[in-house]
Amino acid sequence: MLACLLIGILLAGCGSFWDVMPQGKEEDALSDAEEDLIVVGFSQLGSESVWRTANSESIQGTLTRENGFFLEFNNARQKQDNQIKAIRGFISQRVDYIVFSPVTEEGWETVLQEAKDAGIPVILVDRKASVDESLYTTWVGSDMRKEGENAGIWLEEYLRQTGRSDEEINIVVLQGTIGSSSQIGRTEGFDAIAGAHPNWHILQQEPADFTTAKGKEVMEQFLRKYPNIDVVVSQNDDMTFGVLQAMDEKGITTGVNGDVILISFDAVREALEMVAQGVINVDVECNPVQGEYIADILYRLENNEMVEKENCVKEQIFTPENVGEYLDTRTY
Ligand code: AHR
């Protein structure tokens, strides 16, 4: 009788367990094998651009269960406070690693010290944080200063080839999120080259937040203010799309046979098509496909192997002359 009673209680217990599991959650319950997954908390800074979407997809598509990861993804919607909240959440969940792309460089000391005190390694992605090196394990991303320099070096060469080296050249710059590594690096790099040319005049540099809507708005202001712009430097492709809308409305053409030289950054597919058509003169690549670099670093850290403090992704520049070879394989 006692045995029957016990079996009855156990069956009742099982029944009530499955009854309270939400539909489809059975698969989500961690099995013994899944408990070995590397748990990663990832704070993405937002979804402002085509580049950012490609970056999120690369990381989400690589840090998968099949590859041995359990990924907790958080979108901070451009707010540093949201990123700090997410990182604190990851610390209290005791994740194995924190990966994050800092929206701007300043203001991370306190939360990164908390991660360090909790013994959780931090990996910075894409942009940098201006903190003591002991507060993070490693960084993966682009050499933004080099990107800015490459844009300037390309312009030097283009003006030389078109016989305009000695002309007065008026330049306007649409900048990305102020205080972000991409804005700081690209501005410093381009300015360094421009500084060597007394006939290059940077009329104005204005933030346009890396978005198409703001890019259009800022370009409209520039066009109202400056009747004689020779070069537009737009620090990402999304802003460039806004620039082109503003130019189009005024009947101004850009690119190889246009009125204004147009320099862009990122090299997403839609922009590369415009390079191929000669509408954008040059697109300096910023490579968002960083998932595999991060996975490789995480595997190495799991094996107690050394990792470099800085890991730059591979990048190049695209002009109408070389873009054709890359268009077919561009996935974003
Ligand atoms: O930090 C990388 C930059 O951020 C990309 O150039 C831009 O498109 C994104 O929003």
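A short reminder: the numbers here are calculations on the coordinates, not readings from a lab. Small disclaimer: the values here were computed from a predicted structure and weren't measured. Quick reminder, even Gly has a Cβ in these numbers, built from the backbone with ideal geometry, and neighbours come from all protein chains shown.
Couple of notes before you dig in:
- The stretch 169-200-the stretch 109-162 distance, computed between alpha-carbon centres (Å): 17
- Seen against the Cα atoms of the chain and their longest principal axis, helix 181-194 is set at about 20 degrees.
- The length gained by stretching the chain between Leu203 and Gln161 to full extension, at 0.36 nm per residue less their Cα-Cα distance, is 12.8 nm.
- Cα convex hull volume per residue for the chain (Å³): 171
- Computed as a quarter of the hull surface, the mean projected area of the alpha carbon convex hull for the stretch 217-297 stands at 5.9 nm².
- Extending 7 Å from Cα along the Cβ direction at Glu66 and again at Ile178 yields two label points whose distance is 4.5 nm.
- Neighbours of Trp154 by Cβ distance under 14 Å: Lys/Arg scored +1, Asp/Glu scored -1, total -4.
- Taking Gln175, Gln290, Gln113 as the candidate residues, the one with maximal mean-square fluctuation in a Gaussian network model of the chain, Cα springs under 10 Å, is Gln113.
- Relative to the dominant Cα principal axis of the chain, helix 144-161 is inclined by about 30°.
- Count Lys and Arg as plus one, Asp and Glu as minus one, and take only other residues whose Cβ is under 15 Å from that of Gln60; the net charge is then -3.
- For the stretch 121-273, the fraction of C-alpha pairs more than 26 angstrom apart is 27%.
- Cα-based equivalent ellipsoid, the stretch 57-125: semi-axes from gyration tensor eigenvalues, Å: 20, 15, 10
- The chain - share of DSSP beta bridges that are antiparallel (%, nearest 5): 5
- Tensor-based shape of the stretch 150-199 (alpha-carbon gyration tensor, a/c under 1.5 rounded, otherwise prolate or oblate): prolate
- Cross-link pairs beyond the 23 Å C-alpha cut-off, checked among Lys146/Lys216; Lys146/Lys314; Lys116/Lys309; Lys79/Lys214: Lys146/Lys216
- For the stretch 59-74, Karplus couplings with θ = phi - 60° (6.51, -1.76, 1.60), whole Hz, Gly/Pro x: 6, 5, x, 9, 7, 9, 4, 4, 8, x, 10, 10, 9, 9, 9, 10
- Crossing angle, helix 80-93 versus the chain [Cα axis fit, 0-90 degrees, rounded to tens]: 30
- If the segment from Glu109 to Cys312 were pulled out straight at 0.36 nm per residue, it would be longer than the present Cα-Cα gap by 70.8 nm.
- Residues whose placed amide H lies under 5 Å from that of Thr254, excluding near-sequence neighbours: Asp259, Val260
- Database remark: amide H of Asp126 closer than 5 angstrom to the amide H of Val140, Gly141, Ser142 (H placed geometrically; neighbours at sequence offset of 5 or more, or on other chains; Pro and chain starts carry no H).
- In order through the stretch 47-53: 3J(HN,Hα) via Karplus (6.51 cos²θ - 1.76 cosθ + 1.60), integer Hz, x for Gly, Pro: 9, 6, 9, 4, 4, 5, 4
- Between Gln204 and Val173, the built amide H atoms are under 5 Å apart, and every one of these is 5 or more places off in sequence or on another chain.
- When the Gaussian network model of the chain links Cα atoms closer than 10 Å, the mean-square fluctuations of Thr240, Thr211, Thr64 top out at Thr64.
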